[in-house]
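Coordinate-derived values only; no laboratory data. It should be emphasised that the depicted structure is a prediction, and the values quoted were computed from it without experimental measurement. Virtual Cβ from ideal backbone geometry, glycine too; neighbours counted across all protein chains shown.
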Amino acid sequence: MFGLLSKGERVDLTKEAPELEKITVGLGWDINSTDTGSDFDLDASVFMLDKNSKLPSTNFFVFYNNKSSEDSSVLHYGDNRTGAGDGDDEVIFVDLAKIDEKITEIVFVVTIHEAEARKQNFGQVANSSIRLMDSGKEVAKYELDEDFSTETALEFGKLYKKNGSWKFQAVGTGYKGGLQTFLDKYQ
Ligand SMILES: [Ca+2]
Ligand SMILES: [Ca+2]
């Protein structure tokens with residue numbers, strides 16, 4: 001529908017895909033190079049934020065240890081520890097109709113589990129992508145095209161509500177750090 005998005009590009013889901021209510025968000029990655037001696041365990045997590053860009057409570061932080069948001073609108077389908085194989089390696093489900101009124105932004109991040117101990121970063125990861133699907137049909141896809149040589153955490157994309165419309169933006173901002181970096185930012 002929207003095809004391939006470039007970094008920073010936004011699409012208006014409410015306006016251009018009004019029938020889209022239940023969205024499956026797939027995150028994929030592969031390892032591009034050298035064997036670092038450990039698996040690459042990338043973790044997809046979701047921060048659901050209020051109008052001040054903060055978590056109303058930690059129940060709106062969805063990750064492998066908290067697989068459902070307080071309002072049950074965001075569900076995490078589970079941890080993939082290697083990224084082996086094509087397609088989506090971790091999947092998150094979003095039901096726009098169930099999102100709590102106070103939530104105006106849903107941020108999808110990807111971090112590398114134990115990046116420091118395993119000496120890993122996004123420069124060693126290939127084919128990173130985030131895509132939105134409607135009943136198995138791809139609606140939009142963003143492929144990370146930058147080579148992050150030191151970053152270990154990534155804000156991949158976000159859904160946000162503006163003037164009553166849900167929009168999606170391909171973000172692609174890299175950080176050094178891990179999940180705690182985002183918790184510090186959003187708490
Ligand atoms: Ca994982
Ligand atoms: Ca993969």
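Out of segment 63-172, which GluC sites (Glu not before Pro) are coil in DSSP terms and have no more than 10 other C-beta atoms within 10 Å? List each step's numbers first, then the result.
Values: sites: GLU70, GLU90, GLU101, GLU105, GLU114, GLU116, GLU138, GLU143, GLU146, GLU151, GLU155; in loops: GLU70, GLU101, GLU114, GLU146, GLU151.
Those that pass, being in a loop and sparsely packed, are GLU101.
Each Cα pair of segment 41-134 feeds into the Kirkwood radius, which the Stokes-Einstein equation turns, at 37 °C and 0.692 mPa s, into a diffusion coefficient of 230 µm²/s. Each principal axis of the Cα cloud of the chain was taken in turn, and the coordinate range along them, longest first, works out to 47, 34, 25 Å. Restriction of the trypsin sites (Lys or Arg not before Pro) in segment 1-34 to DSSP coil positions whose beta-carbon has at most 15 other beta-carbons within 10 angstrom yields LYS7.
Can you tell me how segment 1-59 classifies by the Cα gyration tensor, rounded, prolate or oblate, using a/c under 1.5 as the rounded cut? Verdict is oblate for segment 1-59.
Coupling constants for segment 121-131 follow from the phi torsions by the Karplus curve (6.51 cos²θ - 1.76 cosθ + 1.60, θ = phi - 60°), and in residue order they are 8, 5, x, 9, 10, 10, 6, 6, 8, 10, 9 Hz; glycine and proline get x. A simple count of charges around PRO56, restricted to other residues whose Cβ falls under 11 Å of its Cβ and scoring Lys, Arg +1 and Asp, Glu -1, yields -2. Taking chymotrypsin sites (Phe, Trp or Tyr not before Pro) across segment 1-54, none is in a DSSP loop with at most 12 further Cβ atoms lying within 10 angstrom of its Cβ. Taking the fewest neighbouring Cβ atoms within 10 Å as the starting point, the ordered list for PHE148, PHE108 is PHE148, PHE108.
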